[in-house]
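Participant: Mind having a look at this structure? Questions to follow.
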């Protein structure tokens, strides 16, 4: 370790003690605070001042009550006590690396990737699987839906390459339950609806990880399950997924499928669902070059979103909000080569978009870079592309690099510019 060490730095022999190592791995900082005072003579008031935590809170944690969960606090505690990053799920901290050593990776993304599964498992509903041939209780579909919603949060911070097996396993487990257990007709419909959700989530992870054949099969299975369950909204969403994937092959057919998705869900679908499906219809039209139809679909999505007034929305559609709709609008105008419309919308929305959503932010930045290039702002395009490359590094998704490839190709025409040469070198690294 290099640089000045603060007076709160814990001795190496203390950090290496098995009980302290276990506490650090579990983010049990209350135990660390207790040991710091008892073994290193660091007072709770000093810990509070250095870590930016109220003194009474430090004492409460040291007694085993409560937990530190925010990324910022964990980083600060690691720096205050000089705890190496790997001991708490962080990348190497700047003070660990010699001045002439390699640049540090973004610690926030590394932290989220290493701890996402563990933190999301907290509160994951436990399920009592009935014995072979047993009867399924009527409460199981709701429990499965809650579990599915909780696991969906993994997609916020991990790519499909990391989540596909988890989501596929959930889908296969529910499918086996439907085949081998007994249940009432109502419970069966509920299970089919959950199965449709799970197939869509597994299909999305497959698509994100580059498994396109598996994705299509799961989307088709989802549509059939949703129709059998009488769940028009999920049936419509399955079609929207198929349209999104189909844009890679036949754009006009994908537009027709996207339009069917809206019609299938119908006008009585929850506002959030309609906003999601019209947003995806707008995207299909934009990729197909249909400017007027894109505008109308975006207007329909905006109107639907305005109806969301606090009433419960399906969890699988709840991520669509004003920021997401602005980003989709910017993406659409980028595809339609309207940079004057795209850039301000994307800049404003992405300023509010947290870096922890690394895959999605990298993707969205690629459209911003694309629009800057179309507008002739080459240096700015290079800067944004470099940011996207940083965010996408280490993400188990094929899509950011696929999206950035044509942007980098266009930047290659301006390689004489230092900013462009730097980002092209970064991309080759």
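Every number in this text was worked out from the coordinates using simple rules, so none of it is lab data. Keep in mind it's a predicted model, so treat the numbers as computed, not measured. When we count neighbours, we look across all protein chains shown, and the Cβ atoms used for this are built from the backbone with ideal geometry, even at glycine.
Participant: Just the projected area, averaged over all directions, of the convex hull on the alpha carbon atoms of segment 12-90: how many nm²?
Facilitator: Details: hull surface 17.8 nm².
For segment 12-90, averaging the hull's shadow over all directions gives 4.4 nm².
Participant: When only Cα pairs under 8 Å and 6 or more residues apart are kept, what is the percent relative contact order across segment 321-429? Provide the component values of the computation, followed by the final result.
Facilitator: Numbers: 138 pairs, mean separation 24.8, N = 109.
After rounding, I find 23 percent.
Participant: Go ahead and estimate [θ] at 222 nm for the chain from helices alone: -39,500 (n - 2.57) per DSSP H run with n ≥ 4, summed, over the residue count, rounded to 500.
Facilitator: Numbers: 22 runs with 292 residues, N = 429.
That comes out to -21500 deg cm²/dmol.
Participant: Using Cα centres only, tell me the gap between segment 205-276 and segment 317-332 in whole Å.
Facilitator: 18 Å
Participant: Let me know the volume per residue of the alpha-carbon convex hull for segment 223-363, in Å³.
Facilitator: Details: hull volume 16.5 nm³, N = 141.
With only Cα atoms used, segment 223-363 gives 117 Å³ per residue.
Participant: Run the simple label-point estimate for residue 182 and residue 153 please: 7 Å along Cα→C-beta, distance reported in nm.
Facilitator: Here the modelled spin labels are 3.8 nm apart.
Participant: Can I ask one more? For 395, 423, 68, what's the fewest-to-most ordering of other Cβ within 10 Å of each Cβ? Intermediate results must be reported in sequence, preceding the final value.
Facilitator: Details: 395 24, 423 27, 68 19.
The fewest-first ordering by Cβ neighbours comes to 68, 395, 423.
Participant: Over the residues of segment 302-382, compute the C-alpha Rg and express it relative to 2.2 N^0.38 Å.
Facilitator: Values: Rg = 14.0 Å, N = 81, 2.2 N^0.38 = 11.7 Å.
In units of the 2.2 N^0.38 Å rule of thumb, it is 1.20.
Participant: Right, another one. Could you work out the mean projected area of the convex hull around the alpha carbons of the chain, in square nanometres to one decimal?
Facilitator: On the way: hull surface 97.3 nm².
Quarter of the Cα hull surface area: 24.3 nm².
Participant: Could you give the alpha-carbon Rg of segment 321-429 over 2.2 N^0.38 Å, rounded to two decimals?
Facilitator: On the way: Rg = 12.9 Å, N = 109, 2.2 N^0.38 = 13.1 Å.
Ratio of Cα Rg to 2.2 N^0.38 Å: 0.98.
Participant: Report, in whole Å, the centroid distance computed from the Cα atoms of segment 30-82 and segment 405-429.
Facilitator: Each part's Cα centre sits 45 Å from the other's.
Participant: Still on this model: What is the Cα coordinate range of segment 234-292 on the first, second and third principal axes, sorted by size from largest, in whole angstrom?
Facilitator: Principal-axis extents of the Cα atoms in segment 234-292, largest first: 29, 22, 13 Å.
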